[in-house]
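Worksheet: one structure, shown below.
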Amino acid sequence: VNSEKVQIRGAGFCYEVCVGRGLIEQTGHLTREKVGGHRAAIITDSNVPRTLVKKVASSLSKAGFQVTTVVVQPGEKSKSLAEIERICGEISELDRNSILLGVGGGVVGDLSGFVAAVFHRGISHVQIPTTLLAMVDSAIGGKTGVNLPAGKNLVGAIHHPSLVIADVEALVTLPLREMRQGYAEIVKHAIIRDSEMFTLLSSRVGLRDPVEGTCKVRQGDSSTLTPNAELIAHNIRIKADIVSADDRDVSGKRALLNFGHTVGHGIERASDFRVPHGECVSLGIVAACEISMKRASLSRSQRDEVVALLENLGLPTRLPGEIPREKIVEAIKHDKKFDGDNVRFAVTPQIGEAFVSREVTMDDIREAIATL
Ligand SMILES: NC(=O)c1ccc[n+]([C@@H]2O[C@H](COP(=O)([O-])OP(=O)(O)OC[C@H]3O[C@@H](n4cnc5c(N)ncnc54)[C@H](O)[C@@H]3O)[C@@H](O)[C@H]2O)c1
Ligand SMILES: [Zn+2]
């Protein structure tokens, strides 16, 4: 097994993310190394391939765990308090030394993480992300929770996992559109932290002169965007660095991860969550670049490079016609992060760097949305 371990540490927590190929088959012993207990419950959704879930279950059995599996409906609707209650009922005979494994995308990760945070006042959680977005974003950082009718992620807890297992092989069945959602966060990471990765991504998706040698983004099949373990591990390190420095959202550093998300969330809400998160973030990144030209002296040519990369990844850079722009502005205004007329808005002065500006106004945001 070819794998790399990324350490995530902060005040009062420390855990490992294992990234590699064929790691799912190792779930049992990787878990055994970190936690005791005899019972394990797998939470997954019905779109996650059964073969994958079975591999996790049989590996856990071999390592001496008695395994229960709870399957939820795929999709955001499952992130509800009703679902928390149902899952807790299904696992009610598990004791406090049991472990809970989330096998799936961000929905399963957030849901299973919240159950792990509250069941018996907190049991061990193992994240097995199976979407690119979950691997590079939602499985890292310890944020768990569910939605209320009034809004997304309104009820939750910080509950760090004991272990994260990111197996690149799990991505082979992931639909291309889902893969793209993960790339939106990868592009965000590149813009806020890593100009080299930005250049690499741009060349590998055929923007500029293709670089000789192994193709990192399209390794294997050139018709897909299947990433390799190195790219995933690298992005986990970027998020881990920021989260470790600011695990409770206090220093404001974590706000950089919100780059593209103020407008992104506005579009998500204005579309009644019909446009997937990564696509909203892609549009939000374009808006944040417009604002960065005005408030952080980002050059137009760099803004154009960002737009070209997103387009080459198959992500949207123009607003779908059916979403009224004013509805987006209204949704952003209702965002709790608003304080008077100005927002804390993440901007980039040049690709690879970002800071939080307090100079961005609602008019700046409205103007940027008008250009989408
Ligand atoms: N906790 C955090 O810090 C954080 C950060 C970002 C996003 N999120 C949350 O993550 C969620 C979005 O996550 P997502 O994009 O992974 O969506 P998702 O969990 O809905 O997964 C997308 C779809 O892919 C399917 N799928 C998963 N793995 C698959 C595989 N290997 N092969 C085929 N299909 C597979 C799922 O069943 C689902 O239908 C949102 O609820 C969002 O709020 C949380
Ligand atoms: Zn996001």
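Brief remarks follow.
- Matching option when the condition is touching a Leu at 6+ places or on another chain (Cβ under 8 Å) and among the small types (Gly, Ala, Ser), among Ala57, Ala41, Ala63: Ala41
- Residue among Gly89, Gly102 that alone is more than 11 Å from ligand 1 (Cβ to nearest atom) and either under 23 Å from the mean Cα position of the chain (by Cα) or small (Gly, Ala, Ser) (or both): Gly89
- Looking only at residues of segment 146-203 that are closer than 17 Å to Gly278 by Cα and polar (S, T, N, Q), we find that the one that is nearest to ligand 2 (Cβ to nearest atom) is Gln181.
- The listed residue being away from ligand 1 (no atom under 14 Å from the Cβ), closer than 28 Å to Glu4 by Cα and either β-branched (Val, Ile, Thr) or at pLDDT below 90 (or both), out of Val250, Val211: Val211
- Tally, over segment 284-307, of residues that are within 16 Å of ligand 1 (Cβ to nearest atom) and more than 14 Å from Pro349 (Cα to Cα): 1
- Hits in segment 330-354 - residues which are modelled with pLDDT of 95 or more and assigned to a strand (DSSP E or B): Ala346, Val347
- The set of residues from segment 276-288 being within 13 Å of ligand 2 (Cβ to nearest atom) and crowded, with 20+ Cβ neighbours inside 10 Å comprises His277, Gly278, Glu279, Cys280, Val281, Ser282, Leu283, Gly284, Ile285, Ala288.
- Reported count of residues in segment 122-157, each being over 25 Å from Ser46 (Cβ atoms), out of contact with any strand residue (DSSP E or B) (no Cβ under 6 Å at 6 or more places or on another chain) and more than 10 Å from ligand 1 (Cβ to nearest atom), is 3.
- The listed residue being at pLDDT 95 or above and either within 25 Å of Cys18 (Cβ to Cβ) or in contact with a strand residue (DSSP E or B) (Cβ under 8 Å, 6 or more places away or on another chain) (or both), out of Ala190, Ala255: Ala190
- Residue check for Ile140: surrounded by 24 or more Cβ atoms within 10 Å (Cβ to Cβ) and assigned to a loop (DSSP other than H, G, I, E, B): yes
- Test: residue in segment 289-306 that is more than 21 Å from Val187 (Cβ to Cβ), among the hydrophobic types (A, V, I, L, M, F, W, C) and surrounded by fewer than 19 Cβ atoms within 10 Å (Cβ to Cβ): no
- Cβ-Cβ distances below 9 Å connect the following pairs, each with a first residue in segment 274-301 that is without any contact (Cβ under 8 Å) to a residue 24 or more places away in the chain, a second residue that is among the hydroxyl-bearing types (Ser, Thr, Tyr) and within 16 Å of ligand 1 (Cβ to nearest atom), and a separation of six or more residues or different chains: Cys280/Ser271.
- Test: residue in segment 176-185 that is at pLDDT 95 or above and of a type in the set (S, T, N, Q): yes
- Apart from one condition, Gly37 fits all of (1) more than 15 Å from Ile128 (Cα to Cα); (2) buried (at least 21 other Cβ atoms within 10 Å of the Cβ); the exception is (2).
- Residue count, segment 143-184 (criterion: surrounded by 24 or more Cβ atoms within 10 Å (Cβ to Cβ) and assigned to a helix (DSSP H, G or I)): 6
- Restricting segment 260-275 to residues that are within 13 Å of ligand 1 (Cβ to nearest atom) and not in a helix (DSSP H, G or I), the residue that is modelled with the lowest pLDDT is Phe273.
The values are calculated or read from the model by the stated rules, or taken from the named source; none is laboratory data. Since the structure is predicted, the reported quantities are computational estimates derived from the model, not experimental observations. Glycine gets a Cβ as well: all are built from the backbone with ideal geometry, and neighbour counts include every protein chain shown.
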